[in-house]
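The values are calculated or read from the model by the stated rules, or taken from the named source; none is laboratory data. Every value quoted in this text rests on a predicted model; they were computed, and no experiment measured them. Don't worry about glycine lacking a Cβ; one is built from the backbone with ideal geometry, like all the others, and counts go over all protein chains shown. These area figures cover heavy atoms from the full protein model, side chains too; ligands, DNA and RNA do not enter into them. Shrake-Rupley method; radii C 1.70, N 1.55, O 1.52, S 1.80 Å.
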Amino acid sequence: MWFFLVKITFLLYNICMKIKKLKFNNGTVLANNIMLAPMAGWTDVGFRSLCYRAGAGLCFTEMISAKALLYGNKKTFDMLATAENEKPIALQLFGKEPDVFAKAVQLDEVQKFDVIDINMGCPAPKIVKNGEGSFLLTNIELARQIVRAVRQNTNKVVSVKMRKGYNENDESALAFVKMCEEEGVDFVTIHGRTKVQGYSGSNDLDFIKRCVETVSIPVIANGDIVNKETAEYVLNYTGAAGIMIGRGALGNVEIFAKCTGKSCKISKKEQILYHFCILEKYFNKKMLSLTMKKHLAHYAAKLAKRGEFVRKIMNCTTTDEMKNLVNSYF
Ligand SMILES: Cc1cc2nc3c(=O)[nH]c(=O)nc-3n(C[C@H](O)[C@H](O)[C@H](O)COP(=O)(O)O)c2cc1C
């Protein structure tokens, strides 16, 4: 009896949150429609692996230069590291040359990824100045060539991550989403801010809703989702096929468990030590220490003595010292 009551409650919860598996034409299936956003400097292999453990349906690497991959840049190849539990997994590429994308997606090292995502939303000045990221929103024909080049050279799931436009006067974004559909993109993710807005102002959920109504491919809504309530609101308001969470997941991987109606069985301390453990396999000591110092400031968000802990962490010279502090504060 209790078992059925719990089961029904769980089903109702998921209907309310519209938790569903996403299936794509090539047979790839996502366990659920709650995704971790690509975040340069943050969505490292350890963090992603932890997000999968907490219940994320799909995690994205940070943006990776298609050109650097083609030129065999060692540091860039190191960024392709994935952990065993990262399945399915999305690789995000940025660049501006269709032929570079075409060759990059054919590299052996890229074949382990299930989803190839094209970055058409990054507002960082260095990227935009180079004609990449959100600059592509100003040149739909070039963007089309890039999407086509990727689509024609891989049978992986192909997605595009974009913003609502370059600036407020930009009315081409809906046409942009349609272009993605015409070119055989499997899903698009939309952050409802313009490039010019950066991360300020509000996230335009009405625009995301219009995209959902305009195309028949899945649209994933992104922007300002920080807990189960905002996740539910965005899914219901926009009618999107799924959501993508960025900043709201930093130090807070429980968000994936909460959004998928599960309890997160890993304590904060276990999360941190797991993150360390995965990164130790892939990162050198310097990178490990730098990366974990950043993350620890987020993991400690709710710690009573957060200030003291973060100050001590920043002064650590070895990872053993960092782990000892974690063991005594958490
Ligand atoms: C530190 C940081 C790094 C980011 N790096 C990337 C990136 O590499 N590729 C990308 O498409 N978006 C990147 N973004 C944008 C996020 O993926 C996401 O679209 C944005 O943060 C809005 O979602 P949120 O409100 O859930 O954070 C980055 C955002 C932040 C804050």
- [ ] Return the sequence-ordered ³J(HN,Hα) values of segment 123-132 in whole Hz as given by the Karplus equation 6.51 cos²θ - 1.76 cosθ + 1.60 applied to θ = phi - 60°, using x for Gly and Pro.
- [x] x, 4, x, 4, 6, 5, 4, 8, x, 10
- [ ] Please quote Rg/Rh for segment 62-209 to two decimal places, taking the Kirkwood radius as Rh and restricting both calculations to Cα atoms.
- [x] 0.96
Open item on the list: Using 0.36 nm times the number of residues separating A40 and Y237, minus their current alpha carbon distance, what extension gain do you get?
Closed with: 68.1 nm
Task: Computed lengthening from T317 to L142, 0.36 nm per intervening residue step minus Cα-Cα distance - done: 58.3 nm
Task: Gyration tensor (alpha-carbon) shape descriptor, segment 191-330, a/c threshold 1.5 - done: prolate
- [ ] Give a residue-ordered list of calculated ³J(HN,Hα) values for segment 169-182 (Karplus: 6.51 cos²θ - 1.76 cosθ + 1.60, θ = phi - 60°; whole Hz; x for Gly, Pro).
- [x] 7, 6, 10, 8, 5, 5, 4, 5, 5, 5, 4, 4, 4, 4
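Quick one: net charge around Q271, please, counting Lys, Arg +1 and Asp, Glu -1 for every other residue with C-beta under 11 Å from its C-beta.
Numbers: positive: R53, K265, K268, K269; negative: E254, E270.
Net charge around Q271: +2.
Going down the table (K195/K268; K87/K129; K164/K209; K20/K269; K23/K269), which pairs top 23 Å between alpha carbons?
Too far apart for the 23 Å limit: K195/K268; K87/K129; K20/K269; K23/K269.
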- [ ] With a/c under 1.5 counting as rounded, go ahead and sort segment 23-83 into rounded, prolate or oblate using the C-alpha gyration tensor (a ≥ b ≥ c being the square roots of the eigenvalues; past the cut-off, prolate if a/b is larger than b/c, else oblate).
- [x] oblate
- [ ] Give me the percent of the accessible area of the chain that comes from carbon and sulfur atoms, probe 1.4 Å, all protein chains in place.
- [x] 55 percent
Open item on the list: Leaving out ligands and nucleic acids, and using a 1.4 Å probe, what accessible area per residue does the chain come to in Å²?
Closed with: 46 Å²
TODO: Compute the FRET efficiency between D99 and L174 as 1/(1 + (r/R0)^6), taking r as their Cβ-Cβ distance and R0 = 41 Å, and round to the nearest 0.05.
DONE: 0.90
Task: Radius of gyration and maximum dimension Dmax of segment 84-126, Cα, Å - done: 11.9, 35
Task: MRE, 222 nm, helices only [DSSP H, n ≥ 4, -39500 (n - 2.57), over the chain, to nearest 500] - done: -13000 deg cm²/dmol
Open item on the list: Would you calculate the convex hull of the Cα atoms in the chain and tell me its volume per residue in Å³?
Closed with: 143 Å³
- [ ] Please work out the FRET efficiency for the pair K305 and S263, using the Cβ-Cβ distance as r and a Förster radius of 30 Å; give the result to the nearest 0.05.
- [x] 0.70
- [ ] At 7 Å along the Cα-to-beta-carbon direction for both D206 and H298, put a label point, then send me their distance in nm to one decimal.
- [x] 3.2 nm
- [ ] Would you grab the residues whose amide H sits under 5 Å from the one on I89? Only those 5+ places off in sequence or on another chain, please, with H modelled 1.01 Å from N.
- [x] D114, V115
